[in-house]
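Below is one structure, written out as structure tokens; the observations come after it.
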Amino acid sequence: MIQLSGAGKRFGHKLLFEDLNWLITPQDRVGLVGANGTGKSTLMKILSGLETLDYGSLSITRGVTAGYLPQDGLSLAGRTVFAECMTVFDDLRSMEQEMESLTHRMGEVDPSGQEYADIADRFHHLENEFRTRDGYAIEAQVGAVLTGLGFRKDDWSRRTEEFSGGWQMRISLAKLLLQRPNLLLLDEPTNHLDLETRNWLEDYLNNYPYAFVLISHDRYFLDVTVKKIVEIWNKKVFFYPGNYDKYLAQKQQRQEQLENAYKTQRERIDQIEAFINRFRYQATKAKQVQSRIKELEKIERIEIPEQEKTIHFKFAQPKPSGRIVAEVKSLSKNYGEKQVLRNVDFMIERGDRIALVGVNGAGKSTLIKLQAGEEKATSGEYRLGHNAEPDYFAQDQYKELNPDSRVLDDLERLAPNATQTELRSLLGCFLFSGDDAYKRIGVLSGGERNRYALARMLMQPSNFLLLDEPTNHLDMRAKDVLLQALQDYSGTVVFVSHDRYFIDKLATRIFEIADGNVNVYPGNYEDYLWRKQGGQAALDATLKQQLTEAAPKNGNDGSTTAQAKSSSSESKKRINPIKLKQMQERCQTLEQEIERREQSIAECETALANFVSAEETMRLTEELAKHRKELESKVAEWSELSETLEASV
């Protein structure tokens with residue numbers, strides 16, 4: 001479909017990549033990864049035709065269309081949201097207008113004439129194409145995509161210029177998805193999406209009929225959408241089958257193989273050089289020496305590319321707070337007539353890692369601002385616990401920084417006991433490398449300043465962190481550093497994030513904000529989804545049904561029961577009495593084990609509701625998952641045995 005041969009690209013004097021040979025097939029699902037600055041976005045622009053190659057060639061099959069969504073920079077104006085999306089179907093709408101015109105003309109000309117036949121033929125041709133391209137459902141398609149991307153129905157009639165940059169990108173993404181190009185090119189499509197919208201986009205891409213290539217710093221999103229990873233590394237491009245998790249394992253394996261091959265080759269080179277040096281001046285060994293020299297010249301040297309160093313940074317731990325960090329009672333928050341929160345009650349305990357989830361506009365940022373003291377409650381009570389010291393990271397935290405300070409100087413003033421190496425390492429984690437560390441804060445972009453503000457907060461954290469979208473503008477490496485820091489942090493965290501992997505690894509409780517309420521769920525996001533999707537209710541119902549079916553059925557009419565037993569006796573499966581006894585004993589054992597597992601699950605859930613520490617919560621969550629898996633296995637075995645025993649009676 002699209003083929004790159006010997007492709008290479010420079011950015012000024014810097015070589016981004018070279019010798020790239022890549023064939024994109026019609027069903028490819030590709031994740032493009034690599035460190036910042038390696039050329040991922042540039043390669044996407046080359047595939048879309050917006051940039052050209054410096055070396056090699058790009059071949060595109062006739063009829064192939066590519067649709068490109070950049071990270072930012074798109075701005076729409078002049079139409080309503082719905083009308084803007086409908087422009088995607090301008091050709092179909094023109095076709096529909098022509099069909100209407102042809103219908104009127106057919107009513108005006110003689111049905112027996114040649115003109116009528118020509119008009120009818122044109123109409124049927126257009127109508128067949130219109131129907132084939134699903135022209136009668138274009139408005140429904142637009143509505144479905146806009147709803148999936150989080151637009152309420154009353155947003156459809158609003159002008160596009162009324163929306164912020166993030167929502168403008170959603171409109172552009174909606175148009176691209178409605179176009180359905182043969183090759184979809186998405187550069188950080190999840191940057192401006194909440195969790196619910198990301199889940200919808202995951203499903204959409206999994207059902208997309210054509211190829212797509214996407215760049216994302218969201219591990220979970222890559223894991224569930226792509227089937228191949230293309231990595232730009234050390235000016236070369238490497239291909240890995242499978243999703244992101246498989247890529248990580250294969251990359252580690254490839255690195256180990258490369259290091260082993262390098263070690264073997266190095267040993268051989270040392271042997272040859274030792275032989276040459278030893279016998280170089282002996283005439284009797286001249287032939288062998290020349291042979292070794294030629295062998296040495298022919299060896300294609302294996303190089304070990306420099307790896308990105310894994311940063312281990314020890315962050316300062318805050319002084320402990322009391323057991324109760326914060327308590328909310330009957331809290332409500334209104335903005336004019338709009339009620340965001342209604343009679344909310346919850347308690348936050350020391351060591352909690354609480355993720356706030358909910359659709360955009362549900363009130364996540366409002367709840368964090370209330371806890372940070374940035375907003376006042378309309379009614380109700382919010383009370384901080386003993387020694388609790390909240391520290392708030394806002395989405396626009398960069399506004400609080402001194403624009404005249406240099407990045408490194410500002411960090412040194414904040415942490416005078418840290419070494420230059422430690423400070424530079426931390427800045428490197430958050431994408432401030434080389435001369436970037438000496439830039440003045442005022443010249444940084446909004447995303448860069450937010451990254452720096454986050455690094456700055458982690459240098460001297462308080463014991464109660466309130467983080468609103470801390471993972472925005474971070475690549476995977478920076479997210480890993482942040483995640484490790486927060487996992488090692490001894491204080492309490494309440495955070496909003498749209499990164500599923502980050503939430504799953506950090507959260508010990510989920511606060512779902514919906515319809516003005518706050519619903520509390522123990523465990524991480526996977527546990528929350530399991531409960532939301534009826535996992536617990538389904539398990540309870542299955543157990544109840546199986547136990548009910550296994551209970552002895554006493555008929556009111558004894559003769560009828562006897563007759564039924566008699567009539568079915570021939571179909572009963574006979575089992576050896578010893579085997580039968582063993583099965584009955586096993587069935588009784590399973591019933592006892594099922595009861596114990598149910599008790600263990602109940603105990604774990606009760607324990608999760610009473611927070612002790614982050615480590616204990618993670619342990620209980622793993623133990624709960626183990627008990628559930630074992631319970632399902634025991635129930636399945638018990639059910640099979642019960643059916644066999646019932647058939648043998």
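Quick note: the coordinates plus some simple rules give every number you see, no bench work behind them. Predicted, not measured: the structure shown is a model, and the values here were computed from it. Methodologically, a virtual Cβ is constructed for each residue, glycine included, from the backbone with ideal geometry; neighbour enumeration extends over all protein chains shown.
Table for the structure above
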{"read-out": "Gly37 long-range amide H proximity, modeled H, under 5 Å", "value": "none"}
{"read-out": "Assigned charges on the beta-carbon of Lys, Arg, Asp, Glu; the chain dipole about Cα centre (debye)", "value": "2440"}
{"read-out": "Check: region 325-525 dipole with +1 on Lys, Arg Cβ and -1 on Asp, Glu Cβ, in debye", "value": "140"}
{"read-out": "Restricting region 68-136 to GluC sites (Glu not before Pro) in coil, as DSSP defines it, with at most 16 other Cβ within 10 Å", "value": "Glu108"}
{"read-out": "Alpha-carbon centroid distance for the pair region 343-376 / region 160-222, whole angstrom", "value": "28"}
{"read-out": "Cα centroid of region 54-131 to Cα centroid of region 1-50, whole Å", "value": "32"}
{"read-out": "Proxy reagent accessibility, fewest Cβ within 10 Å first, across Lys329, Lys298, Lys9", "value": "Lys298, Lys329, Lys9"}
{"read-out": "Residue-by-residue Karplus 3J(HN,Hα) for region 329-346, coefficients 6.51, -1.76, 1.60, Hz, glycine and proline x", "value": "10, 6, 7, 10, 9, 10, 10, x, 7, 7, 9, 8, 10, 9, 6, 7, 10, 6"}
{"read-out": "Nonlocal amide H pairs with Phe393, under 5 Å, H built at 1.01 Å", "value": "Leu466, Leu467, Asp468"}
{"read-out": "Net dipole in debye of region 249-298 [+1 Lys, Arg Cβ; -1 Asp, Glu Cβ; about Cα centre; nearest 20]", "value": "200"}
{"read-out": "Vicinal HN-Hα couplings computed from phi for region 185-200 (Karplus, 6.51 cos²θ - 1.76 cosθ + 1.60; Hz; Gly/Pro x)", "value": "10, 10, 9, 6, x, 8, 4, 10, 10, 7, 4, 4, 5, 4, 4, 5"}
{"read-out": "Cβ-Cβ FRET estimate between Tyr208 and Gln250, R0 fixed at 22 Å, reported to 0.05", "value": "0.35"}
{"read-out": "Charge tally in the Cβ shell below 14 Å around Asp19, where Lys, Arg are +1 and Asp, Glu are -1, Asp19 excluded", "value": "+2"}
{"read-out": "Answer label for mean projected area of the Cα convex hull in nm² (calculated), chosen among (1) 53.4; (2) 31.9; (3) 61.3", "value": "(1)"}
{"read-out": "Neighbour net charge for Ser365 - beta-carbon separation under 14 angstrom, K R +1, D E -1", "value": "-3"}
{"read-out": "Rounded to whole Hz, the Karplus (6.51, -1.76, 1.60) HN-Hα couplings of region 107-122, x for glycine and proline", "value": "x, 9, 9, 5, x, 8, x, 5, 4, 4, 5, 5, 5, 5, 5, 5"}
{"read-out": "Estimated [θ] at 222 nm from DSSP helical runs (n ≥ 4, -39500 (n - 2.57)) normalised by residues in the chain, nearest 500", "value": "-15500 deg cm²/dmol"}
{"read-out": "Burial ordering of Ser57, Ser172, fewest other beta-carbon atoms within 10 Å first", "value": "Ser57, Ser172"}
{"read-out": "Interchain or long-range residues, amide H under 5 Å from Leu341's placed H", "value": "Lys333"}
